[in-house]
1. So residue 234 ticks every box in (1) open to solvent by less than 20 Å² (accessible area, probe 1.4 Å); (2) on the phi > 0 side of the Ramachandran plot but one. Which box is left unticked?
2. If a residue counts only when it is within 20 Å of residue 269 (Cα to Cα) and open to solvent by less than 20 Å² (accessible area, probe 1.4 Å), which strands (runs of 3 or more DSSP E) contained entirely in region 38-137 have at least 1 such residues?
3. Name the pairs whose Cβ atoms lie under 9 Å apart, with the first residue in region 41-55 and closer than 13 Å to residue 83 by Cα and free of Cβ contacts under 8 Å to residues at least 60 places away in the same chain, the second open to solvent by 70 Å² or more (accessible area, probe 1.4 Å) and of a type in the set (Lys, Arg), and 6 or more positions between them or separate chains?
4. Need a quick list: strands (runs of 3 or more DSSP E) entirely within region 149-262 having at least 1 residues that are touching a residue at least 24 places away in the same chain (Cβ under 8 Å) and within 16 Å of the ligand (Cβ to nearest atom).
5. When you check residue 53 against the structure, is it of a type outside the set (Ser, Thr, Tyr) and either closer than 29 Å to residue 222 by Cα or in contact with an Asp or Glu (Cβ under 7 Å, 6 or more places away or on another chain) (or both), yes or no?
Amino acid sequence: MSEAPQSGWTPPPGRTQKLVLFTGFSCSSHCHFCIDLNKRDLPDKSSRQIVEEMVRAKAAGVEYLEMIGGETTIRRDFLPLVKTAKTLGFKDIVVVTNGRMFAYPDFAKATVEAGVTDLVFSIHGPDAKLHDDLTHVPGAFDELIRGVANARAAGLERIFGNCTVVKQNMKRLPEIGALFLGLGIHHVEFIFVDPTYGGAYTNFHGLVPRISEAAPYMRETLAVGRRGGTRDFVVRYVPLCHFPDDLDQISEIREVATFRTRHWAPDFQNDDVGAGRAIAGRGKTERCAGCALYDRCEGLWKEYLRRCGDEELSPVKAQAPTHA
Ligand code: SF4
């Protein structure tokens, strides 16, 4: 099959200040791999705290506000909070969602009218069986598919996606990529599961694939996107030696060029996420010595390295990069 014309990614001229505002960890789904699975009982932030954080962020120059949970759309104050964000003048008001609330057309319409500029739908399987199993909610897939349609019918144009890569779905990632394309979603992040905390920490061997087994399916999914005309399928939390020919489709490389990102959650605050992730959660090893991609690479999850070792890392030669 010949490839469709592709739009390459070029870094923006300057970095945008971004805040990922975690409103709390309450959620209407129960994804087995969720990093917040052990935090469900922590109290959600109050309306007042969230508004105060929005005001503080705006004063600090934040233009791009991403609201995330848990599932932030199930808050009773969700719509007033979005309206407040709009009144404060954030340029981008992004909501990451399991999509289920958007199955209600009135809710989708009210959300767009309140001022949300972008929605990011999390889809973890290409069909109801796998998605519902991974989210532990019968009917979740059908709800989010209706949600995508309702958001679009409400006039929202900027609809994005993400998908967490686990053992159960890795072989079906190309199908998930095709599903996103079929839904008209061309910006999708495929995220190698984080085993530092939560569900994937507790059930590491049941959920976390070997990177050398998952990477070929992730690369094939990027190719599915390219054949569909997009280079905005990206992969996240992966060692670059498994993606040497896809460096323009590595999420973190784009992110550090695009954003200076803060994370403000109920239980932690990180004001430089790029540096924090590299220092805390991700790591390289002595096998990386001399790798041509060393300075651009954040390595692999330290928890993964602790459990599985580093044999799958393979330094990339300077002149002639090859797949690991
Ligand atoms: S060998 Fe190490 S530094 Fe090089 S790409 Fe792999 S993980 Fe990154």
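1. Residue 234 satisfies all of (1) open to solvent by less than 20 Å² (accessible area, probe 1.4 Å); (2) on the phi > 0 side of the Ramachandran plot except (2).
2. Working: elements: 64-68, 92-97, 118-122.
In region 38-137, the matching strands (runs of 3 or more DSSP E) lie at 64-68, 92-97.
3. Listed by first residue and then by second, the contacts come to 47/76.
4. Details: elements: 158-165, 188-192, 233-236.
Ranges flagged: 188-192, 233-236.
5. Working: of a type outside the set (Ser, Thr, Tyr): yes; either closer than 29 Å to residue 222 by Cα or in contact with an Asp or Glu (Cβ under 7 Å, 6 or more places away or on another chain) (or both): no.
Here the answer is no, as residue 53 does not meet what is asked.
The values are calculated or read from the model by the stated rules, or taken from the named source; none is laboratory data. What you see is a predicted model, and the numbers here were worked out from it, not measured in a lab. So basically every Cβ, Gly included, is an ideal-geometry build from the backbone, and we count neighbours across all protein chains shown. Note: accessible area is taken over every heavy atom of the protein model, side chains too, but ligands, DNA and RNA are not part of it. Shrake-Rupley method; radii C 1.70, N 1.55, O 1.52, S 1.80 Å.
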